[in-house]
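Worksheet for the structure shown next.
The values are calculated or read from the model by the stated rules, or taken from the named source; none is laboratory data. Since the structure is predicted, the reported quantities are computational estimates derived from the model, not experimental observations. Heads up, the Cβs are rebuilt from the backbone with ideal geometry, glycines too, and the neighbour counts pull from every protein chain shown.
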């Protein structure tokens, strides 16, 4: 295995699980730079982690010894930063979402493909042990034909969360609960049960928050397989609850709730995968979760570089969630006040 030289680009809220993971993986990865243009963020980061600080992005781009960058900056900066990395042959592990619009996200993915660099997306819910086990059961066909898959994302964010400049805006974040929080669970849902063919529902801003974008979405889905389901996503559900994906199959039902899985089969058999940690990040502190899932994702990214293969969550994989989010935001309805548009949508 090659010991990779990695640059951390962005030292905001999302950096902690990445930095902790890279300490665990120091035999495989050396952090050559930890970049932020803001002195206060560099100082705060230095008080917790022993990595070389950097205030000059150009220095990272020009350093040919840096193999890859982990980009953790706001979504509206991703296209520019990733393009600069790709142009000099640096691989990129990119914090979700890919970009603030599907058009910009697609452009970013195509730039990496044309440059021949590896692009991975930080959608770490796939790396929870319970998620991995459920994926195995579905690949093996243990549940039989899938009848239904419904996803519930009932989180809590106080108004102070959205009072931060740019938070919950189209210009910086690209949207609200779906693209900023729900994208993790929606990506996992799609990886488990496949593409969605049609959606019908509502997206709005509830009275709970003052924000530009949606904090409440409810929709019905029809998957390409013919299975039916629902999606509920909100950041208005105090005090916040574990995300849940329930899959009903011909031979049983699987419930993935946070980091735990319970499966009940028609013949009386059961299977459980329980985590010693809670789901975390569902309430006022969005970073209240262990770094294990990030470590698994970073390990997979490093393995992909060593083995010259795509990572598990590629840019193309992440675009599937972006397309679904577009469809949910513009879902059809004939009744009520739809703040974010109306019309028949296919995901």
* To do: Among residues belonging to the range 208-232 that are farther than 18 Å from residue 168 by Cα and outside any strand (DSSP E or B), point out the one that is farthest from the chain's Cα centre (by Cα).
  => 226
* **Identity of the residue in the range 233-246, at negative phi and part of a loop (DSSP other than H, G, I, E, B), that ends up surrounded by the most Cβ atoms within 10 Å (Cβ to Cβ)** => 235
* Within the bounds of the range 181-198, is there any residue that is in contact (Cβ under 8 Å) with a residue 60 or more places away in the chain, on the phi > 0 side of the Ramachandran plot, more than 19 Å from the chain's Cα centre (by Cα) and surrounded by fewer than 16 Cβ atoms within 10 Å (Cβ to Cβ)? -> no
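Which residue, of 97, 74, 52, is exposed (fewer than 15 other Cβ atoms within 10 Å of the Cβ) and either under 23 Å from residue 12 (Cα atoms) or in contact with a strand residue (DSSP E or B) (Cβ under 6 Å, 6 or more places away or on another chain) (or both)? Lay out the reasoning, then the answer.
Numbers: 97 fails: exposed (fewer than 15 other Cβ atoms within 10 Å of the Cβ); 74 fails: exposed (fewer than 15 other Cβ atoms within 10 Å of the Cβ).
The conditions single out 52.
Among the listed residues 221, 297, 305, 261, which satisfies the condition of being touching a residue at least 24 places away in the same chain (Cβ under 8 Å), surrounded by 18 or more Cβ atoms within 10 Å (Cβ to Cβ), closer than 22 Å to residue 194 by Cβ and not assigned by TED's automatic domain parsing to the domain that holds residue 133?
297
Rundown of residues vs (1) under 24 Å from the mean Cα position of the chain (by Cα); (2) free of Cβ contacts under 8 Å to residues at least 12 places away in the same chain; (3) in a strand (DSSP E or B); (4) surrounded by 15 or more Cβ atoms within 10 Å (Cβ to Cβ), yes/no style:
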{"residue": "12", "(1), (2), (3), (4)": "yes, no, no, yes"}
{"residue": "21", "(1), (2), (3), (4)": "yes, no, no, yes"}
{"residue": "30", "(1), (2), (3), (4)": "no, no, yes, yes"}
{"residue": "37", "(1), (2), (3), (4)": "no, no, no, no"}
{"residue": "40", "(1), (2), (3), (4)": "no, yes, no, no"}
{"residue": "48", "(1), (2), (3), (4)": "no, no, no, no"}
{"residue": "58", "(1), (2), (3), (4)": "no, yes, no, no"}
{"residue": "69", "(1), (2), (3), (4)": "yes, no, yes, yes"}
